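Q: Encoded as structure tokens, here's the structure I'll be asking about.
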Amino acid sequence: MSNRPANLARIVVVATMGLLFAAPVAYLVLVSFAKHWTFPHLFPPQVSAELWQTIWGREQGLASSVAASIFLSVVVAVGSTLVGFVAARYVSYHRWRRGLLFLSYIPFVMSPVVLGACVHVIFLRLGLVGSTAGVIVAQMMFALGFAVIFFASFWNAERKALGEAARMLGATTLQTYRRVLLPISRQPLLLCFLQTFLFSWFQYGLTVLIGGGTVKTLPVLVYLYTGEANIYYAAAASLLLMIPPLVLLWGNRAITLRFG
Amino acid sequence: MLSRSNLDRAGFLLFLILAILPMAASLAYAAGYSVGLVGLLSEGFTWQYWARPFQEGNQIFASFVFSLLVAGAATAITLAIALLLVLAARRSLDNGLLAHLSTIPLALPGTVLAFLVLQWFSGSGIAARIAYALGLLQTPAQFPGIVHDQYGVGIIIAQVIVGVPFFALLFAQLWHNQRIRQLMELAQTIGAGRRQRVAWVAIPLLLHGAFPTVILHLVAVIGVYEVPLLLGAQSPQMISVLTMQKYGMFDLQQKPEAFICAILYTLLSLSLIAVAWRRMKHEQSPR
């Protein structure tokens, strides 16, 4: 009997937080189906699927933005995961491991936009500003920091011993990777791919700065719609922007729960 | 030596060329620009641009203070709510419905987050409509300005929305890793009440375990860009917005100030990262 108030409080906290966590998606779905939803209406006076039926035809840039976002994120994620995987192995077994890892934290934590303003000059000189390649390289600068930190703890003494055993038995570097190291690295490789994909997928400031307005990804489009006060298109583009991260984060959670 | 192959060296070299060297070179360029050694304004070494932040009316230091206060407030509120959540609903966070729902805010990019806060808390937003329905206001103008406000309330709300599930999940994980339940049971055997167990065992252990992540989160919030760009006031501005504004201006005289902002931000961030770094558990090198 004495636990009843505590249980009630627990239920209230869980229900409130659950509603708050679900609110973003629920609201965006509602806005994307709403018509003439202005102050002081608490709920949409009209709902219609018209926006979803016409947006692809009306907004030619939307499909190309989705394609640009997917292309950029996949390239950045694949590149930084693969480079980070082998670079972290070098860092982990280096005598300056701690110093090199500290260096990796700089791009991982610091603001891409502030550092991007400094890097912009180099990209201008290299002719990379205003190009998709420039945005990929700029995003990889930051995603690589994460990838190296992510894999640094993976390369422990046990994995080192495995690699050395394979080499002593006559395996070449590529054979060691292909037959020994890659098969035991599938899960961390996948997790790093998901995280770096999300980093790139979310990126706005760096894309605008280095892309120079010519590389239009989904976050750029959401910003444009929000700036134009076009809330219905902004909500639709926001939902499109949230679907892959949600799928990947739930996938990430499933992988972590499955493999520990 | 068998453990490091040429492939590893090539990967590391790529990491240096793609990430570390451009960053170091660009910061060196920024430093050179800020003292008149390089760039379009270059006329030889001078401290004149570094004197500007100290001049009356200059926004740089105000922007740093504002960024620190906003980040500090957002982090403190985030931690308080996340602690409450993990203490009240840990099981739901482990594998219940909350575990799945908590993923949603983590999937919010900065632009979407800012859009949502704008829609919920602007004068004609959802909060104002609820207040109208309750008879608390008659026009949108009567709703208190909590977006584009000088205290950064909108920015703080946005950062709390995305920060709470992250820290709640982290605390839930720390609860198991640090065996807090067992330690609380131990405290109970020596006579500690429920409040004492929470206040003197659970909360200090959770905060201690999360300390490096809290500092890194603080650095990330100080440098956040999209959210203050859409939700912030004209003045004071968050440091990233001010840097970009000064960098993008047609007035070239503002460019050295953009680089000064970037250098000061880098020094601040490096100091904070170093604090977090000292408290991180570092595995021994497996050499």
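Nothing in this text is a laboratory measurement; each read-out follows from the coordinates by a stated rule. Since this is a predicted model, take the numbers as computed values, not measurements. So basically every Cβ, Gly included, is an ideal-geometry build from the backbone, and we count neighbours across all protein chains shown.
Q: Name the aspartates and glutamates eligible as straight-distance cross-link partners of B:K246: C-alpha to C-alpha under 13 Å, and not fewer than 8 places from it in the same chain.
A: Partners found: B:E257.
Q: Can you pull the mean other chain C-beta count within 10 Å for peptide A:118-127?
A: Values: counts 17, 8, 5, 9, 6, 2, 0, 0, 1, 0.
Average per residue, whole number: 5.
Q: Mind listing the phi-derived Karplus ³J(HN,Hα) values for the range B:200-214, rounded to whole Hz, using 6.51, -1.76 and 1.60 with θ = phi - 60°, and x for any glycine or proline?
A: So the Karplus estimates, Gly and Pro as x, are 9, 10, 5, 4, x, 5, 5, 5, 5, x, 8, 3, x, 5, 4 Hz.
Q: Could you list which residues have their amide H under 5 Å from that of B:Y225, counting only those 5 or more apart in sequence or on another chain, with H placed in the peptide plane?
A: none
Q: Provide the per-residue ³J(HN,Hα) series for the range A:181-193, in order, calculated from phi with Karplus coefficients 6.51, -1.76, 1.60 and θ = phi - 60°, each as a whole number of Hz, with x at glycine and proline positions.
A: Running phi through 6.51 cos²θ - 1.76 cosθ + 1.60 with θ = phi - 60° gives 7, 5, x, 8, 10, 4, 5, x, 4, 5, 5, 5, 4 Hz.
Q: Consider a paramagnetic label point 7 Å from the Cα of B:H176 along Cα→Cβ; state which residues of the range B:200-225 have an amide N under 13 Å from it.
A: So the set is empty, nothing qualifies.
Q: Further, regarding this structure: Go ahead and estimate [θ] at 222 nm for chain B from helices alone: -39,500 (n - 2.57) per DSSP H run with n ≥ 4, summed, over the residue count, rounded to 500.
A: Theoretical 222 nm ellipticity from helices: -21000 deg cm²/dmol.
Q: Once phi is turned into ³J(HN,Hα) by the Karplus curve 6.51 cos²θ - 1.76 cosθ + 1.60 with θ = phi - 60°, what whole-Hz value does each residue of the range B:95-110 show in order, with x for glycine and proline?
A: Coupling constants for the range B:95-110: 8, x, 5, 4, 4, 6, 5, 5, 5, 4, x, 5, 8, 8, x, x Hz.
Q: With equal scatterers on the alpha carbons only and no solvent term, can you work out the Debye log10 of I(q)/I(0) for chain A at 0.12, 0.16 1/Å?
A: Each listed q maps to, in turn, -0.89, -1.21.
Q: Same structure again: Calculate the mean, over all residues of peptide B:120-130, of how many other protein chain Cβ atoms lie within 10 angstrom of the residue's Cβ.
A: Details: counts 3, 0, 1, 1, 3, 1, 4, 0, 2, 7, 2.
The per-residue average across the peptide is 2.
Q: What angle, in degrees between 0 and 90 and rounded to the nearest 10, separates the Cα long axis of helix A:112-125 from the longest principal axis of the Cα atoms of chain A?
A: 70
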